[in-house]
Each structure stands twice: as structure tokens, then as C-alpha cells.
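Every read-out reported here was derived from the displayed coordinates using simple, explicitly stated rules and does not represent laboratory data. These figures come from a predicted structure and were not determined experimentally. When we count neighbours, we look across all protein chains shown, and the Cβ atoms used for this are built from the backbone with ideal geometry, even at glycine.
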Amino acid sequence: MPPKRKAPPAAQPSAKAGRSSRMSTPGAGTPRSYESADEVEEDDGPVDEVLERDIDKNIDIFSLDHYQKKHHIREPLPHIFGDHDFSYLDLKKDHQNRPLWIDPQKGRIILESFNPLAEQAQDFLITIAEPLSRPTFMHEYALTTHSLYAAVSVGLSPQDIINTLQRFLKTPLPEEIRTFITSCTQSYGKVKLVLKNTKYYVESPDPNMLQTLLKNPKIGPLRVQGTEEITTSAAPKIGGLVIPGTKNAAGVKQANGLQQGGGEGHEGQPVQESDIFATLNEEDDDDQEVTHSFEIADRDVETVQKECLNLGYPVLEEYDFRRDEVNANLDIDLKPGTQIRPYQEKSLSKMFGNGRAKSGLIVLPCGAGKTLVGITAACTIKKGVIVLCTSSMSVVQWRNEFLKWSNINPDDIVAFTSDSKGNVFTGSTGIIVTTYSMVTQSRARSYDADKMMKFLTGREWGLMLLDEVHVVPANIFRKVTSSIKTHSKLGLTATLLREDDKISDLNFLIGPKLFEANWMELSKQGHIARVQCAEVWCPMPTEFYDEYLRAPSRKKGLLYIMNPRKFQACQYLINYHESRGDKIIVFSDNVYALKAYALKLGKAYIYGGTGQAERLQVLENFQHNPNVNTLFLSKIGDTSLDLPEATCLIQISSHYGSRRQEAQRLGRILRAKRRNDEGFNAFFYSLVSKDTQEMYFSSKRQAFLVDQGYAFKVITQLANIEKTPGLAFASPGERRELLQKVLVENEGMEDEDITDDLFHSGTMGRKKKKGAARRTAGTLGELSGGQDMAYIEQNKRMNQSLKKGKGKKESSAFFKKIDREKARRAAG
Ligand SMILES: Nc1ncnc2c1ncn2[C@@H]1O[C@H](COP(=O)(O)OP(=O)(O)OP(=O)(O)O)[C@@H](O)[C@H]1O
């Protein structure tokens, strides 16, 4: 532990900080010539006395000067900020009016979100940097090579970036940063891969660059023989282009009209003349650039891309779809009433900024309407589209959304799943919606599926929409992108988080991040729900804790999940929120616990082993039956489940420290139907057993959401929990019994239950371990032979009573119909 030190009262980098340090220190990292703060504090006497003394003397006790004098600090800041003392940077005179600070060493940028120029600065930062953390008052961004690459790909020049940054910064732009920007951006965007008339061209505005590439021993020989070495043409002018997804699109115009002049992405606010970023784009639009290119064969695309990357000239992929006269046009437009939201428009304008389609990733929170973004992109390109989803359920949803938002002929949009290997569309082109596993599986295919695959791989597609890109393994993308030939790719996701850190692969396989929305901003604007997050600490009863301390690590998890105090907290919260009229989802990764909790509380549940018909029945009841207000879900419900009725989430077990899962789960309530009701709040509770590993995992899990600006409250005591009617495991005897049961039923348990996975078909590139035991979902208790019969009976009770209820309803409707027929005949 570092020695405890009093925080400086005015430790913010202030104008004074800048002045005083400039006088004495020329730069950061000066040797320490001050006494240790701890020693000085002791010399100073009790803090209260010092404060009183200074207040009497009318000294500004919160000033930095005061702090330095009080602690005899001659070289003021290094002891506080260490290597992060950047007070040597001169502050501009009007620095208060400028919203950005910068760390010259790491390229970290801090935005004061309360500054009047914050909104404009944020638009700019999203384009050039990676958002790291965006809590209420200060946002942190990082300038990285990839983020600068993305900035260039949307049409910014190095000078644009430097000038705009200069204008927003409180200090002059540090030389290191200027050099970094120039060195990254001068090579990015210089080489483009363009597919024109179904042929691939390596294109550049700089003929010398192409000469350099042609001299390269790997790339040179790949130029298609018999073509001229370099062809020269003028790049298209963009002025007057009407693209859905830009401010000229019909849907956007309607939206803007409603917002009384609110354009360029900010509802309720008029477009400002001073929008520096917009001005930059417009200036770019007017430039007509001459380009030079040489042709390469399709099969050499990947080699050329890799080699260019090695040379430090990453290749930008663009699709000049308006000039593609080879691929048939698709008759598709957004329906007239469709209004694209400002952030959706903004994300699309990054994709189509220069009139061509750029491949890349758009990151929007769950429930913010990624589907419509994908559909609008398809309506812009108007060529054949292939949509890849993670499950057959999503395939159905995507097809329905296409039919809902666009005028596509239903015959031109075909689902290709294991259940529907359907007909190929009748027109010359169309849309295929399928799953990643359908197009990548290596097993023998049925005749129909094989025919469809030949169709998919044997032609060119204008656009490939890749849904939920964060969950799909990189090798799957590789297979997909190498087997299906497409001119542009758009990856959609809510979180660019992969616990395996493979996210950078996506930059290469799909394209750079084009846009990332701010969760808090969208929630303030009512596009996603406001959520109150809380972590509930549940103490472990002594007998459980003793066992926990002794247990091998794999069993520890089970004990902290099955902690009876956690069970009670869950029961209490369900009662409380049901009585408020909420619909509740309880998430548990552990299937044993999922069943045990649901059955004891008499609630419905769904996990990997639940049949399709039963799933739909349970979901339908949860949505429409006022008596079914709580649903227990395993991790199959983490993504793609559209339950806008849900307003409360309780998490009882989760996948270790997975930030992505936490964000996905929160996403289930962000789309709450009631989100725009006066004073409405959704609730997200994470129940953790106190003093166990779960607390560590929990804080790790929350990191992403905290960075998005969510604040987790800690609840250590649930008021009057002991008065809950029928409180489970209230007596020590019941708790001991539970412990015995948990131990007996899980003897010889596996490390974790992984079959309960979204990709449980096992075809998503996850290799089975050789010789590993076969893992089955949710039947661990059965394996041990000690399953409690009372549970099994109860088990059947809730899910089955829903079935019975449905049966009755159906039969009574049926008999009623017969009765009516009889009555009509009798009357006739
Ligand atoms: N511009 C819009 N106007 C009206 N409704 C919209 C708009 N955009 C999206 N929606 C609606 O918002 C809801 C959420 O959209 P969608 O399912 O595409 O979200 P998502 O971002 O894909 O979420 P998830 O990550 O959870 O899958 C849908 O009901 C959709 O119809």
C-alpha cells in the first residue's frame, strides 16, 4: 500500500498550476527536491488547526499556492502527478472557453463535458479517437493508430485533425502529438482497394505510392498482366448526392422538420455555423481528386492487404456502388414514414461520407436500433445484401424488420437457416438473411443447403451486414469474408469488447470503427431507458462460508451463487418489483442455480435445454400474461432477445469478470417500452456474496458500464427483508439442509456448464477438448443421482402450468367456435 497522503485541495490542473510550474520546472519528471508530503503533514500539526489558522488569515485555502506553501513544496506538482505532470504546457489565455486537455505522452484526451463547446468537440473526438470513459463531467479518449486510421477513412486529412484539435485544446498542441498524428495519417488512406465493375484495383491519389508498391517483390508480380501499369481517373464529386443516412435523406428530413431545425445529429438544437467538424467535411466534399490505380486479381486481395499493412500503408476498402453497372440494382427504399434518428444518421454518414461505401463497424448500445442502421445502409447501396446473424431467431427478426422499414418485395428477401433452406429469390438480386454457422459449417450439407451455398459464393454482393460482431470468433469472419465476395461490409455491435482481446482482428477483417454512440446521451434523449444500477451485497451464513473457504475453486462458485442470503435478496427484490408492476428478468449463467431458484420461487425459466415451443410459450406469457411477471433466463438470453416489457433485471450468477456480458444484459432493459413514461427508471441489480471472489468479478464486470457513465450503488442492507412473507431459508436448519443438498447434488461437478451457449450447436469454431467429458446442460443434479424430487415436481409446476393454461385456452376457443357454428346453423 502506498503511504496515505492527503489529497491536494485544488489538485485540478489549473491556470495557476501552469504558471507556477513554468517558473520553476521546464518539463515533467524533474528530480524530487521537496520533502515527503507525509513528513510535512506531521510538522504542520492537526489539519483542523491549520485550516482554521489560514481561514483566519483570509487565505484561500483551496488554492494551489496555499497547498504548496503549507507543504513546503518548491517544485509543485511532480509529487502529486508523477510522470503525469503536464503543467509545463502553456495554457491559452481563453482556456476556459476550450473543452480539451491532452496528455502529450500517451495521446489521452480529456473532454470537459460541461463546456459549451463540448458537443462539437465530442463529435470531432468520436471521429479521431477511441472513447475510453464517459462519466458525467469528464470524458476520456485515446488517440490510437487505429482511431486515426478511421478518421482518415471518413475523409479527414492530417491537417484537418491537427487544426481542429488546436482549436479545442486549452494548451498548444504538443509537438509529440502533432508528430504522432502526421506519422500515422500520412500513410493511412494513401492506398485504397476499390472494386469497380467487379474488378479489384489498388488505388491512390499519389502515383509515387503506387510505384513504391509495384516495386515491392510481393505486390509487384500480383498486378494483373496485360493491363496498363497505372490508370488515372478523377474521383467522383459528392455534391448533391442523396443518400439515405445522410442529411439529404427523406427520412432524415422528416425527422429534422419535427425537431424544428435540429440537424446534424443533435435533437432540438439548430445546426451551428461554427460546427467546425461539419465545415471540414463540406470543404472536403468540394475537392475533386485525381486517382491512380492498378488492377489485382480477386485471389490476391488478402495478400496485397497483408503486405501493404506490413509496409505501413493499411489499405482502405471502398465501394463505388453508384458506378457499379455490373451488379443488378435492388428495388429497395425506406418506407416514406421512416424517420432515422440523428445518431443513426450520423453513424451512416461516416460510412457514406464521400459517396462511396466504406467497410467498418458501427457501435450503438443495445436497443438503439442497429437493425435500422443496417437496413438504411442496404437502401443506400441498393445491390444484393447478405445479412449474417447469430441465431435463427435473429434471422426471423431481421427479415421482419426489413419488411417493416423498407418497401422490399417479400419475395426478394429470403431466410436461409437449418429450418428454411428456401428458394432463391425470383428477381435478379435480393437479400439473404442467414446465420454465421449456416455459411461456415464444415459438415456435409443437405442438397438444398448446398445449392444455396453455391448461390451465395458464386456471385457478388453489394453489402454484407454482420450482426453482433463482438461475439463471433475471428476465424469465423475469416471464413465468411473469404468465401462470400462482397463489395462492402458493415459490422454492428453494442460493445467492442472481447475478453479475448481479439477485437483488433476486426479492424482488419471488417474495417475500422466508424462510429460509437454515447450511451448516456441516448438515454437522456429517451432513445434507450434510464437505468438505476445497484450491487447488492449478500453476507454468507457461517456454515456456507466455512464450506466456501475449504472448497476447491470450481465449487466455490456454486456456493456463492447458492448462498441462501442471496436467494432471500432475490426473493425480496422480485416481490418488491412485482408489486410495483415491473416485469423482471433474473439472469443466471449457472443452470443448476437457475432451476433451483426458479422452482423454489415458482417462476418460469428458459435455458439452453428448453425446447423451442416451450421457449416461445414462456416468452409469450411473460409478455402478455399479467400473472407471469418474472422470468429466469440463462445466458442464452444475453443477446438478441427482444423483450421490451422487461423493466427490471436481477443477476444472480454471471460469467466471471465479463464486461461484455454485463453490458449485453443491461441491454435487455434499455429497450423498455415504458422508457418515456414520466419519471420512469429501469433497474439492474447484481447480487454478490460478500467477501467472496464474486465481489472481485463484479467490479471487473462493471468497468465498461461505469465507463459509459453508469453509477453502481452498493446496497448492504435490504430494509425489512426479514419480514418478507414466506422468506426462504429463514431458519438455520433450512440453510444447513440447502448446503447439504447443494454439495450432494453437485458432487463431481464440471468446472462450468458451457453447453448453455448461444452457439451451442458447436459449429462456431469452438473446438471440443480432446478427451474432455461430454457436457450437458442443466442435468448435473441428475448425474449425481441425488436430485431432489420436490424440486422436480415444482419444476414441472410453473412451465407446465403455462402449457396447461394454453391448452385450455385453445380448446375453449375451439369449442366456442364450434358452439358459434352450431348456433349459426341453428339460427339459419
Ligand atoms: N428510427 C427509429 N424510429 C423508430 N423506432 C426505431 C428506430 N430505430 C430503432 N427503432 C426501434 O427500436 C427498437 C430496437 O431496435 P433494434 O432491435 O434494432 O436494436 P438493436 O440495437 O439491434 O438492439 P440489440 O443490440 O439488443 O439487438 C426496435 O423496436 C426498433 O423498431
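Assorted remarks:
- Nonlocal amide H pairs with V536, under 5 Å, H built at 1.01 Å: S686, L687, V688, I715
- Cα centroid separation, the stretch 185-218 to the stretch 362-394 (Å): 30 Å
- Only one residue of A529, P564, Y576 has its Cα farthest out toward the positive end of the dipole of the stretch 529-583, where Lys and Arg carry +1 and Asp and Glu -1 on Cβ, and that residue is A529.
- Phi-based couplings in Hz for the stretch 514-527 (Karplus 6.51, -1.76, 1.60; Gly and Pro marked x): 8, 7, 9, 7, 9, 4, 5, 5, 5, 6, 5, 7, x, 7
- For the stretch 403-493, the set of trypsin sites (Lys or Arg not before Pro) satisfying both a DSSP loop assignment and a count of at most 16 other C-beta atoms within 10 Å is given as R443, R445, R459.
- Footprinting exposure proxy ranking of D83, D691, D467, fewest other C-beta atoms within 10 angstrom first, gives D83, D691, D467.
- Other residues with beta-carbon under 13 Å from the beta-carbon of N327 carry, at +1 per Lys or Arg and -1 per Asp or Glu, a net charge of +4.
- Taken one residue at a time, the phi angles of the stretch 730-747 give Karplus couplings (6.51, -1.76, 1.60, θ = phi - 60°) of 6, 9, x, x, 5, 5, 5, 4, 4, 4, 4, 4, 4, 5, 5, 5, 10, 4 Hz. Gly and Pro are set to x.
- Selected from T610, F622, A598, residue furthest toward positive end of dipole (the stretch 560-646; charges at beta carbon): A598
- Under a 5 Å amide H cut-off, with hydrogens placed 1.01 Å from N, A142 pairs with I109, E130, L132 among residues at least 5 apart or on other chains.
- Near A682, the amide H atoms lying under 5 Å from its own belong to R530, V531, Q532; only residues 5 or more places off or on other chains count, and H is placed 1.01 Å from N.
- Phi angles of the stretch 687-694 translate, via the Karplus equation with coefficients 6.51, -1.76, 1.60 and θ = phi - 60°, into HN-Hα couplings of 8, 10, 7, 5, 6, 10, 4, 4 Hz per residue; Gly and Pro are given as x.
- The residues neighbouring F622, those whose beta-carbon lies less than 9 Å from its own, together hold a net charge of -1 under the Lys/Arg +1, Asp/Glu -1 convention.
- For the stretch 433-468 versus the stretch 641-713, the gap between their alpha-carbon centres in whole angstrom: 35 Å
- Each Lys and Arg Cβ is given +1 and each Asp and Glu Cβ -1; about its Cα centre, the stretch 480-620 then shows a dipole of about 140 debye.
- In this structure, the residue pairs whose Cα-Cα separation is over 30 Å, taken from K346/K485; K190/K346; K92/K713; K346/K383, are K92/K713.
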